[in-house]
Amino acid sequence: MTSAADPQQNLSDRIAEQVREKIVHGEFAPGQRLSEAALSESLEISRNTLREAFRMLTKEGLLKHEPNRGVSVAVPSIAAIIDIYRVRRLIECQALAQAYPRHPARKQMRQAVDAALRWREAGDWRGVGTANMEFHKAIVALADSERLNDMFTHLLAELRLAFGLLDDPEFLHAPYVDSNVKIIDLFEAGHPQEAAAALGDYLVHSERIVLAAYARRIAGSGAGR
């Protein structure tokens, strides 16, 4: 049995976190096959350590293992996407509505918005997407709950996979840069309830776009037959 202090287990946890971050940052696309040889070499770890990390991420639903085909990045189902947005509305809107407007996480929200504006100006839409992830992590941080922070980090990785279904980051992220500005402006002005309402509308709209993209992907691949 592996103890919490086992160096091998701690290394596997760290590698799993690194792969999870690559997913959050959009470096791995839904359905992408992952090469054990290439990843173990780039991360400078043994294949056994990488396989343990893969097992962790497969259990989280971020990776998929198929016999004789290896490991690939998971493709979220419609049910998973709906559930992701349901959980986001429950967590994020409540965290925002009930937070103190001078909470330290406010600075992280503003920094993420400013970064998104810079990336938009540079035409780097994947950078905009990563800044958007940081903005929503900061919203959850308003709740001052490590359990929620950990859970939301895993949720963001699944969310980035759902975003990857569109394969058009500009179409996906462009409408929400200014929406994030509006939300942080309302929050900093001392109107958390209005900010939460704006966020709720935003999440409903985002969910519809992602689900429509998923439906188009299924129709294009013939997977729905």
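Here, each number is a calculation from the coordinates, and none is a lab measurement. Note that the structure is predicted; figures quoted are calculated from it, not measured. Glycine also receives a Cβ, built like all others from the backbone with ideal geometry; neighbour counts cover every protein chain displayed.
Legend: ranking of residues 72, 77 from fewest to most surrounding C-beta atoms inside 10 Å; resulting order 77, 72. With contributions of -39500 (n - 2.57) from each DSSP H run of at least four residues, the per-residue ellipticity at 222 nm computed over the chain stands at -23000 deg cm²/dmol. Could you state, as a whole-number percent, how many of the C-alpha pairs of the range 44-113 are farther apart than 18 Å? For the range 44-113, the fraction of Cα-Cα distances above 18 Å is 62 percent. Across every direction, the projection of the convex hull enclosing the Cα atoms of the range 99-225 has a mean area of 8.1 nm².
Across the chain, C-alpha contacts under 8 Å between residues 6 or more apart give a mean separation that, scaled by the residue count, equals a relative contact order of 24 percent. Note on the chain: GNM, Cα springs under 10 Å; of 79, 215, 196, the largest mean-square fluctuation is that of 79. Relative contact order of the range 7-73, taken over Cα pairs closer than 8 Å and 6 or more residues apart, is 39 percent. The count of lysine pairs in the chain that are at least 8 places apart or cross chains, and whose C-alpha atoms lie under 18 Å apart, stands at 6. The equivalent ellipsoid of the range 156-220 has semi-axes of 27, 11, 9 Å, largest first, where each one is the square root of 5 times an eigenvalue of the Cα gyration tensor.
Shape annotation for the range 38-79: C-alpha extents along the principal axes are 36, 20, 15 Å, from largest to smallest. How large is the translational diffusion coefficient of the range 7-73 in µm² per second when you combine the Kirkwood radius over alpha carbon pairs with Stokes-Einstein at 20 °C and 1.002 mPa s? Rounded, D is 181 µm²/s.
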